[in-house]
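Down below is the structure, laid out as structure tokens.
The values are calculated or read from the model by the stated rules, or taken from the named source; none is laboratory data. The structure presented is a predicted model; accordingly, all values stated were derived computationally and were not measured. Counting neighbours? That spans all protein chains shown, and the Cβs are built from the backbone with ideal geometry, glycine included.
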Amino acid sequence: MKSNSGNEAQAAQLSDRLEIAKVYQYWRKMLTSPMITVGWRKIKYSPHTETRLLVINAALEEINQMTERNGFTIRMQKVFWTGLGPNALVTTSCFSATKLKKWTIDIEEHHPLGALMDLNIIDTNGMSISRKDTHIQPRTCMVCQKDIYTCRRGKPHSHQEYLAAINELILRERFGQYDTER
Ligand SMILES: [Zn+2]
């Protein structure tokens, strides 16, 4: 049986997503270049605010470096808070949504905390660019490394398994100054 706190967490997650969607909608109207949305990966686990902040900051730092490495500049960067924690929006001087998508997939796949990041690209028409559009494999499950769709459908992992996987990622990369999840 599911505990009450589980249901509350689900409700909080849903309202968090609705809040985020509203912010995106607002910014979408003013887009002159594709937007990178930065968030916590959608998994069956809501982390502490500190953990979310750690992941968002790492993502922003990496996006900044990636932009510079490729000869572009950051045009706008906005961090906003919803009920569960921080999210961010970034626009750069790069006008190719496909190029940006490839860069962000690279971050999700290769950054030490990439498995916890959710980086999306919204083009100037307000359309989200999917991995399929760029002919890149779907993400793998952070617990068992299988195809994410299989795990999302079957829901084979417990809260504790997600927690352990998150802690391992954080500890492995020795972000020792931050508390791990409990
Ligand atoms: Zn799995």
Scanning the range 140-170 residue by residue, those in contact (Cβ under 8 Å) with a residue 24 or more places away in the chain and more than 11 Å from the ligand (Cβ to nearest atom) turn out to be HIS159, LEU163, ILE166, LEU169, ILE170
Looking for something in a loop (DSSP other than H, G, I, E, B), away from the ligand (no atom under 16 Å from the Cβ) and within 17 Å of the chain's Cα centre (by Cα) - is there at least one such residue anywhere in the range 93-108?
no
More than 21 Å from MET35 (Cβ to Cβ) and over 14 Å from the mean Cα position of the chain (by Cα): does that describe GLY154?
yes
Looking at ALA58, ALA12, ALA88 in this structure, which one is under 14 Å from the mean Cα position of the chain (by Cα), among the hydrophobic types (A, V, I, L, M, F, W, C) and not in a strand (DSSP E or B)?
ALA58
Would you confirm whether or not the range 43-65 contains a residue that is hydroxyl-bearing (Ser, Thr, Tyr), over 20 Å from LEU169 (Cα atoms) and either modelled with pLDDT of 90 or more or surrounded by 14 or more Cβ atoms within 10 Å (Cβ to Cβ) (or both)?
no
Within the range 111-162, residues being touching an Asp or Glu at 6+ places or on another chain (Cβ under 8 Å) and aliphatic (A, V, I, L, M) number 6
